[in-house]
Ligand code: SF4
């Protein structure tokens, strides 16, 4: 299975890659299947059932909105986040959806979109079933999907649960399945990690396109930070969490650059700006997920603002390297909070960002691998317990913590010679095992941790 770094970095909308982007893509895919089977014109009713974590935290994570708009043919990278609420209001007022954007079908949200909180489908905690029926309520098509993290979806019954997005049958010139193999390739060919990744990416697109895609991702991250810094007020949801990025930025600008930890304070601001945008359903880049979308943009802004000699080529080195680390976690463990807890989201983002920063600053492959390892080692066991099922507390601040930790991990690695006791592969295996051992309460169900100790006002 070939996973591109551009499968890891995807432009989409908040607040969740697994609970918003994945279900929207599944619903859109279902509608396309109806078209392919020439069933679209016979559909009289569509019913959706959400299971497991999608049911338990789906309200706070806007899974209902995502599925409805996916049935209308929307995709996370194309949808206009500014128009989502207006469209939903219209759908709810009229009691119908435009299936695939072109055929009105009655849709009663209470009856047709069920949150089955006490039920699971075998395979994954994030499951949904979509059924289309004709005018006699006979089933035309029924499909089950799993949203496996980072916006990736898998259709039930497909062989080996291969993500539908992944390209099979790709023969990479520099194949690697572990951190050790990646290091060996670097050593054998005397190439830095980002160059190995680039040469593999060329199997999909030429260099020019790789660069323009990297620029697109970086631009989307910058726009997200800029938008977050323009917004004030409170975030959606009953907790009325205040946006802090903009007032903090104003305070820092007024204080000037003299404060000893000024750079770290800006890192906090940039991470908060992204995750506040994510929490309000804005446009973000999965890095590797929406919940953890602030870590990498914050560390990249740190690189561009505070590291002497930083440039766009360094941003490219950062993203190529961070993407490769993300692919390793996805292949060897998981980037889903519902499977691994938050170590699989903010922990992975921290590890990716640490590796990316070390690479951007010219670290050796061994130092880069060490940075990635440190970035995860100190996130092991991190649980996922979003308060109120919203991607706000602890998620927003956690990205700021993850970004600061990533910078420190890169610094620790760069001050060493690359020789270290724990390998990236060992820490990935440890994260996976820890995730498997973690109680379900702490894996994006809002049934434990802060989610039960911080009551709704
Ligand atoms: S706690 Fe972490 S894994 Fe859970 S929703 Fe928040 S960011 Fe995602």
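The values are calculated or read from the model by the stated rules, or taken from the named source; none is laboratory data. Bear in mind the structure is a predicted one, so any value in this text is a computation, not a measurement. Here the Cβ positions follow ideal geometry from the backbone for every residue, glycine too, while neighbour counts run over all protein chains shown.
Numbers for the structure displayed
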| item | result |
| --- | --- |
| Lone unmet requirement of (1) surrounded by fewer than 19 Cβ atoms within 10 Å (Cβ to Cβ); (2) out of contact with any helix residue (DSSP H, G or I) (no Cβ under 6 Å at 6 or more places or on another chain); (3) within 30 Å of residue 426 (Cα to Cα) for residue 89 | (3) |
| Region 410-433: number of residues that are under 14 Å from residue 380 (Cα atoms) and either at pLDDT below 95 or buried (at least 20 other Cβ atoms within 10 Å of the Cβ) (or both) | 4 |
| Selected residue (only one of 34, 69 is part of a helix (DSSP H, G or I), in contact with a strand residue (DSSP E or B) (Cβ under 7 Å, 6 or more places away or on another chain) and assigned by TED's automatic domain parsing to the domain that holds residue 123) | 34 |
| Entirely in region 338-417, the helices (runs of 4 or more DSSP H) that have 1 or more residues that are near the ligand (Cβ under 8 Å from one of its atoms) | 346-360, 395-414 |
| Selection within region 224-242 - surrounded by 18 or more Cβ atoms within 10 Å (Cβ to Cβ) and part of a loop (DSSP other than H, G, I, E, B) | 235, 237, 241 |
| Test: residue in region 155-163 that is within 18 Å of residue 21 (Cβ to Cβ), surrounded by 20 or more Cβ atoms within 10 Å (Cβ to Cβ) and under 23 Å from the mean Cα position of the chain (by Cα) | yes |
| So residue 420, is it touching a helix residue (DSSP H, G or I) at 6+ places or on another chain (Cβ under 6 Å), away from the ligand (no atom under 12 Å from the Cβ), more than 18 Å from residue 239 (Cβ to Cβ) and assigned by TED's automatic domain parsing to the domain that holds residue 293 | yes |
| Exclusive hit being in contact with a helix residue (DSSP H, G or I) (Cβ under 6 Å, 6 or more places away or on another chain), in the same structural domain as residue 87 (by TED's automatic domain parsing), farther than 15 Å from residue 107 by Cα and free of Cβ contacts under 8 Å to residues at least 60 places away in the same chain, set 54, 75 | 75 |
